[in-house]
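Worksheet: one structure, shown below.
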Amino acid sequence: MKVVVGASSFAEGNELLEELFRQRGIELVKNPFGRRLTKEEIIQHLQGADGLLAGLEPLDEEVFSQCPQLRAVARIGIGMDNVDQEAAKRYGIRVSNTPEAPTEAVAEMTVAALLALCHSLIPSNMDVHRGIWKKRMGKSITGMNVLLIGYGRIGRRTDSLLRALGVTTMIYDKFNSEVSTCKLEEGLRRADAISLHASGKEEILDANLIAQMKDGVILLNSARGGLINETALYEALSSGKVAAFWGDALWEEPYTGILAKCENAILTPHICTYTDKCRESMERQAAENLLRDLGL
């Protein structure tokens, strides 16, 4: 039996995790490129494979139709936008994900990004390295109004961390009116900072809604790049309408887009879940899901 890894990395420094497969006589083949695979690459990678430990590579009807031996897909992470689950069902492929494991790491990094932006940590560090001694005025997050768009596991944990730091939070969840504390437009007008934790691919913040935000707002996105209109965000960052932006899930990966020109944008290479505890938990859960779905 053969299992391949679509995720850019797997079990780095964790021999025990690889042993789960060796003990069962399973050949484990890792991603040969160390990055997100294209459709053509994942089709080639999946030839002869019974199972896939998936990252964010495209997994649609075309892929499944060309990989007849594939029986199970275990997504390492939460999001399933890259997996056509209806097509998987038609081909008899079992699909799973790891919704609990990333919660703490993503919430921590969201708060860390807000603190870094408010206290100018990155530009201040760059100043000193360049021989510039400049005291930049920061902004305390205590008493700040933060709008959370999306209130699943990560949104809830981010909320609790922010409130512990004295932040006043507002909540908007399109799919759960019971937890929402404001309308989207109202929240955008009042928020000093906005953090996206929504699911799905639908664009939420277009040019019109960005124009309704408070001047000098801070925008955080750990969810999906496509939730924000990239061109409108670039223009808002350039004009100062949006004072600063942090994004970890970007419009394309590797990212070479227009926001790379903005000094007031912190862009990270999809590393929210790259903590020792989070990776170990996600990868182990995905491995166990896959073995279960393969009947092992």
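Ignoring ligands, DNA and RNA, what percent of the 1.4 Å accessible area of region 1-99 is carbon and sulfur? Don't skip to the end; give the middle numbers.
Working: 2100 of 4550 Å².
Accessible surface attributable to carbon and sulfur in region 1-99 totals 46 percent.
When only DSSP loop residues count, what GluC sites (Glu not before Pro) in region 243-294 have their Cβ near at most 12 other Cβ atoms within 10 Å? Walk me through the numbers before you get to the answer.
Details: sites: Glu252, Glu263, Glu280, Glu283, Glu288; in loops: Glu252, Glu263.
The qualifying sites are Glu252, Glu263.
What per residue convex hull volume, in Å³, do the alpha-carbon atoms of region 27-133 yield? Working shown, then result.
Values: hull volume 15.2 nm³, N = 107.
For region 27-133, the hull spanned by Cα atoms encloses 142 Å³ per residue.
Please report how many Lys pairs in region 171-296 have alpha carbons closer than 27 angstrom, counting only residues at least 8 apart along the chain or sitting on separate chains.
Count of close lysine pairs: 13.
Keeping every protein chain in place, order Ile266, Ile132 by accessible area at 1.4 Å, biggest value first, i.e. largest first.
Highest to lowest solvent-accessible surface, that is Ile132, Ile266.
Average projected area of the Cα convex hull of region 175-296, in nm²? Don't skip to the answer; put the middle values down first.
Values: hull surface 39.0 nm².
Computing the convex hull of the Cα atoms and averaging its projections yields 9.8 nm².
Can I get the semi-axes of region 228-296's equivalent ellipsoid? Compute them from the C-alpha gyration tensor as square roots of 5 times the eigenvalues, in angstrom, largest first.
On the way: eigenvalues 264, 31, 16 Å².
Ellipsoid semi-axes (Å, largest first): 36, 12, 9.
Would you please give the residues with an amide H less than 5 Å from that of Thr169, counting only those at least 5 places away or on a separate chain, with H modeled from the backbone geometry?
Counting only residues 5 or more places away or on other chains, the set is Val146.
For Lys139, list the aspartates and glutamates whose Cα falls under 13 Å from its own Cα; do not include residues on the same chain fewer than 8 positions away.
Asp192
For region 49-98, what does the alpha-carbon gyration tensor say about shape, rounded, prolate or oblate, given a ≥ b ≥ c as the root eigenvalues, a/c under 1.5 as rounded, and a/b over b/c as prolate? Walk me through the numbers before you get to the answer.
Details: a/c = 1.65, a/b = 1.41, b/c = 1.18.
Judged from the Cα gyration tensor, region 49-98 comes out prolate (a/c at least 1.5, a/b above b/c).
When ligands, DNA and RNA are left out and all protein chains stay put, how many square angstrom of accessible area per residue does the chain have with a 1.4 Å probe?
Working: 14260 Å² over 296 residues.
In whole numbers, the chain has 48 Å² accessible per residue.
State the Kirkwood hydrodynamic radius of the chain in Å, one decimal place, computed from all pairs of distinct Cα atoms. Mind showing how you got there, number by number?
Numbers: mean 1/r = 0.0488 Å⁻¹.
20.5 Å is the Kirkwood radius here.
Which order do Thr103, Thr98 take by accessible area at a 1.4 Å probe, largest first? Numbers along the way, then the final one.
On the way: Thr103 20, Thr98 0 Å².
Sorted by accessible area, descending: Thr103, Thr98.
Tell me the accessible surface of Met109 in square angstrom (1.4 angstrom probe, heavy atoms of protein chains only), to the nearest ten.
Ignoring ligands and nucleic acids, Met109 comes out at about 40 Å².
Evaluate the relative contact order of the chain (contact order divided by residue number), counting alpha-carbon pairs under 8 angstrom at least 6 apart; express in whole percent. It would help to have the intermediate numbers written out before the result.
Values: 551 pairs, mean separation 45.9, N = 296.
Rounded, it is 16 percent for the chain.
What Kirkwood hydrodynamic radius, in Å, does region 1-75 give when the mean of 1/r is taken over all pairs of distinct Cα atoms and then inverted? Walk me through the numbers on the way to the answer.
Values: mean 1/r = 0.0807 Å⁻¹.
Computed over region 1-75, the radius equals 12.4 Å.
Calculate, in whole percent, how much of the Cα-Cα pair population of region 130-216 lies beyond 15 Å. Kindly include the intermediate steps, with their values, before the conclusion.
Working: 2294 of 3741 pairs.
Roughly 61 percent, once rounded to a whole number.
Under the Kirkwood approximation applied to all pairs of distinct alpha-carbon atoms, what is the hydrodynamic radius of region 183-240 in Å?
Numbers: mean 1/r = 0.0868 Å⁻¹.
With all distinct Cα pairs of region 183-240 included, I get 11.5 Å.
The values are calculated or read from the model by the stated rules, or taken from the named source; none is laboratory data. This is a predicted model, so every value here is computed, not measured. Every residue, glycine as well, gets a Cβ built from its backbone with ideal geometry; the counts of neighbours run over all protein chains shown. Accessible surface areas use protein heavy atoms only, side chains included; no ligands, DNA or RNA. Shrake-Rupley method; radii C 1.70, N 1.55, O 1.52, S 1.80 Å.
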